[in-house]
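J.: Next up is a structure, given as structure tokens.
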Amino acid sequence: MGTSILCRSFMLSIVFCCVSQPSLTKASEQESDLARRKQEHCEQGNMRETTFCMNRELKESDTRLNVVYKTLVHALVKPQGLQSVQRAWIVFRDAECKFQNEAEHGGSSYNYSMDLCLMRLTEQRISALEAVMPCNGCVEFKDEFYRMEKGFRFPERKRIPASGRP
């Protein structure tokens, strides 16, 4: 049964990605630029400072992801599909970054590299979720979100990139 749920979650994530693909190109470019700026921001200083900074950037990205995700769950008529896909995505993200950083394990740059990978994938996910729009029969928003004066929008991002040093 667990395999069946995982397979179904994986298929839902593929469908979700295909549905939102047209609007992802521009969002993906913005995410890539933001992730690059965050990385550049953190690459000043010694390894301890760099690692601390990247961890802070990851926390900022995680906070933003939670805001976007909760906003979208609240807006959808049927949020169960998104919830299932999000759980599967978190498992994927963590496993992908562990795989990408196997060679670094135990080294001084491991934590930085892991946080960088997690931050990049999290920024990609934020872009994907922010690109979800109501469409003909695929994603249905609650009526109140169709009636909004300026249309449905996610809360603005407050701080990019994180500032301050240890």
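J.: Scanning for something assigned to a loop (DSSP other than H, G, I, E, B) and either surrounded by fewer than 16 Cβ atoms within 10 Å (Cβ to Cβ) or touching a residue at least 60 places away in the same chain (Cβ under 8 Å) (or both), does the stretch 121-131 turn up at least one residue?
T.: yes
J.: For the stretch 43-101, give me each residue that is at pLDDT below 95, of a type in the set (Gly, Ala, Ser) and loosely packed, with under 14 Cβ neighbours inside 10 Å.
T.: The answer is Gly45, and nothing else.
J.: Would you please list the contacts, defined by Cβ atoms under 6 Å and residues six or more apart or on different chains, that run from a residue in the stretch 80-97 that is of a type in the set (Ser, Thr, Tyr) to a residue that is assigned to a helix (DSSP H, G or I) and surrounded by 14 or more Cβ atoms within 10 Å (Cβ to Cβ)?
T.: Ser84/Ser9; Ser84/Leu12
J.: Sticking with this one: Which count do you get for residues in the stretch 47-79 that are in a helix (DSSP H, G or I), in contact (Cβ under 8 Å) with a residue 12 or more places away in the chain and among the β-branched types (Val, Ile, Thr)?
T.: Residues that pass the stated criteria total 5.
J.: Filter the stretch 102-120 down to residues that are in a helix (DSSP H, G or I), in contact (Cβ under 8 Å) with a residue 40 or more places away in the chain and surrounded by fewer than 21 Cβ atoms within 10 Å (Cβ to Cβ), then give me how many there are. I'd like the intermediate steps shown before the answer.
T.: From the stretch 102-120, those in a helix (DSSP H, G or I) are 102-104, 110-120; that's our starting set.
When the remaining residues are screened for being in contact (Cβ under 8 Å) with a residue 40 or more places away in the chain, the result is 111-112, 115-116, 118-120.
From what is left, the residues that are surrounded by fewer than 21 Cβ atoms within 10 Å (Cβ to Cβ) are 111.
Counting residues in the stretch 102-120 that are in a helix (DSSP H, G or I), in contact (Cβ under 8 Å) with a residue 40 or more places away in the chain and surrounded by fewer than 21 Cβ atoms within 10 Å (Cβ to Cβ) gives 1.
The values are calculated or read from the model by the stated rules, or taken from the named source; none is laboratory data. Not measured: the values here are computed from a predicted model. In this analysis, Cβ positions are derived from the backbone assuming ideal geometry, glycine residues included, and neighbour counts consider all displayed protein chains.
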